[in-house]
Amino acid sequence: MPDAVPTTAPAAPAGGAAPAVDLPPALPGEDPFSAAANGRRGARTPVWFMRQAGRSLPEYKQARAGTAMLEACRTPELVTEITLQPVRRYGVDAAVLYSDIVVPLAAAGVDVDIVPGTGPVVGSPVRTAADVEALPVLDPEQVGFVAEAVRLLVRELGDVPLLGFAGAPFTLASYLVEGGPSRHHERTKALMYGDPGLWHALMTRIADLTTTFLRVQVQAGARAVQLFDSWVGALPLADYRRYVLPHSTAVLAGVADLGVPRIHFGTGTGELLGAMAEAGPEVVGVDFRVPLDVAAQRVGRPLALQGNLDPAMVFAPWDVVRERTLEVLDRGRAAHGHVMNLGHGVLPSTDPDVLARVVDLVHERTAQ
């Protein structure tokens, strides 16, 4: 059981948090996640965790035993079970589809695999105009297994919203150009700076594929989507605006007509938050490096924020975790809606019981 929750507000963080934003009330019957994502005051601050489906859960390891990652993502019944596991265990306010950002690439026909201990590895990296021209277009039927999984989940989840997601163009481009994970993105930047025309052609192809993938998920029943740009923090602001922002904007605009909240998240993006907000999301995800009240100022417009407890913080003693969680909640009051989350994904060795205590604490502390 979680510790008793104080009835008084925690002390203001050092320097003083920004004043709380007075939000309009939730719509009748609106769930806490949807309310916060749309800038309204729900029954409580909603909480979910990036990478909550899998990694640290023993039931996940048991369910996926003997099944390769991409094969698991192509099996709707297994996707359904793994996606539901953290909802059952934690009581989170949103489920996130169990998948991977390279799933649409693989489905379209790109030679990519997820190698244990390494990550996505591309058989034939994309580095020439001919390589870009040869990239396949994603047909929605090629990810029919994703649509089937979403439909199964929507029936099981009831009032709990399902979040779909996709990798943003820069992050997918980096994997395609580098051939796998990269610390410095040297080949990616060499192409981006050395041949801007080819770079934009590549990003346009990826943006189209990503838009298709997100639309399939929403049309099957996902009630929000998150665009992950895991590696874009490797760029300075001016380069982000020139080489990335138009394509992330195109993806988010490509699902705008579907009427679901769109979350835009990246790591190491403290200097990019204002520009990421310009891409058109309803929610900006903030990693653990920037306090939420500071992030709200950098975003510079009335958008909801998501985050941002350090994923490594949950390894500290509970008193520390509790204090930091309450501080995140306090700073999140400066945003036009706050979705509590980690500042990146759940680490594999995380104790699930600590995450359960965080969920209980958030719910009890913010219940209206």
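The values are calculated or read from the model by the stated rules, or taken from the named source; none is laboratory data. Not measured: the values here are computed from a predicted model. Cβ sites come from the backbone with ideal geometry, for glycine too, and all protein chains shown count toward neighbours.
Within the range 50-63, residues that are over 15 Å from residue 359 (Cβ atoms) and in a helix (DSSP H, G or I) have Cβ atoms under 8 Å from residues that are β-branched (Val, Ile, Thr) and at pLDDT 95 or above in these pairs: 60/82; 63/82, counting only partners at least 6 apart in sequence or on another chain.
Got a number for residues in the range 37-49 being in a loop (DSSP other than H, G, I, E, B), surrounded by 22 or more Cβ atoms within 10 Å (Cβ to Cβ) and touching a strand residue (DSSP E or B) at 6+ places or on another chain (Cβ under 6 Å)? Qualifying residue count for the region: 3. For the range 229-274, a residue qualifies if it is outside any helix (DSSP H, G or I) and either in contact with a strand residue (DSSP E or B) (Cβ under 6 Å, 6 or more places away or on another chain) or of a type in the set (Val, Ile, Thr) (or both), and the qualifying residues are 229, 244, 255, 260, 261, 262, 263, 264, 265, 266, 267, 269.
Just give me the residues in the range 275-298 being touching a Leu at 6+ places or on another chain (Cβ under 8 Å) and assigned to a loop (DSSP other than H, G, I, E, B), in sequence order. Matches in the range 275-298: 279, 280, 281, 282, 286, 288, 290. Could you tell me whether any residue of the range 37-53 is at pLDDT below 95 and touching a helix residue (DSSP H, G or I) at 6+ places or on another chain (Cβ under 8 Å)? Yes: the range 37-53 contains one or more residues that are at pLDDT below 95 and touching a helix residue (DSSP H, G or I) at 6+ places or on another chain (Cβ under 8 Å).
Taking residues in the range 34-49 that are closer than 16 Å to residue 284 by Cα, and partners anywhere that are part of a loop (DSSP other than H, G, I, E, B) and of a type in the set (Lys, Arg), the pairs with Cβ atoms closer than 7 Å and at least 6 places apart or on different chains are 34/223. Here 211, 188 are screened, and the one residue that is among the polar types (S, T, N, Q) and touching a strand residue (DSSP E or B) at 6+ places or on another chain (Cβ under 9 Å) is 211. Among the residues of the range 116-143, those identified as surrounded by 18 or more Cβ atoms within 10 Å (Cβ to Cβ) and either assigned to a loop (DSSP other than H, G, I, E, B) or in contact with a strand residue (DSSP E or B) (Cβ under 8 Å, 6 or more places away or on another chain) (or both) are 120, 122, 126, 127, 135, 138.
Got at least one residue in the range 93-115 being surrounded by fewer than 18 Cβ atoms within 10 Å (Cβ to Cβ), among the small types (Gly, Ala, Ser), without any contact (Cβ under 8 Å) to a residue 24 or more places away in the chain and over 30 Å from residue 43 (Cβ atoms)? No. In the set (1) farther than 14 Å from residue 166 by Cβ; (2) part of a loop (DSSP other than H, G, I, E, B); (3) of a type in the set (Gly, Ala, Ser), residue 99 fails one condition alone, (1). Restricted to the range 163-191, and to residues there that are among the aliphatic types (A, V, I, L, M) and more than 18 Å from residue 110 (Cβ to Cβ), the residue that is nearest to the chain's Cα centre (by Cα) is 163.
In the condition set (1) within 16 Å of residue 244 (Cβ to Cβ); (2) out of contact with any Leu (no Cβ under 6 Å at 6 or more places or on another chain); (3) surrounded by 24 or more Cβ atoms within 10 Å (Cβ to Cβ), residue 197 is compliant with all but (3).
Taking first residues from the range 351-368 that are farther than 13 Å from residue 324 by Cβ and buried (at least 21 other Cβ atoms within 10 Å of the Cβ) and partners that are of a type in the set (Gly, Ala, Ser) and modelled with pLDDT under 95, the Cβ contacts under 9 Å between residues at least 6 apart in sequence or on separate chains come to 355/56. Residue 312 - would you say it is farther than 26 Å from residue 34 by Cβ, under 20 Å from the mean Cα position of the chain (by Cα), small (Gly, Ala, Ser) and in a helix (DSSP H, G or I)? Answer is yes for this residue. Restricting 238, 224, 207 to residues that are surrounded by fewer than 21 Cβ atoms within 10 Å (Cβ to Cβ) and small (Gly, Ala, Ser) narrows the list to 238. Which residues, taken from the range 150-168, are more than 13 Å from residue 217 (Cα to Cα) and not in a loop (DSSP other than H, G, I, E, B)? Across the range 150-168, the qualifying residues are 155, 156, 157, 167.
Among the residues of this structure, residue 147 does not count as one that is part of a helix (DSSP H, G or I), out of contact with any Pro (no Cβ under 8 Å at 6 or more places or on another chain) and crowded, with 16+ Cβ neighbours inside 10 Å.
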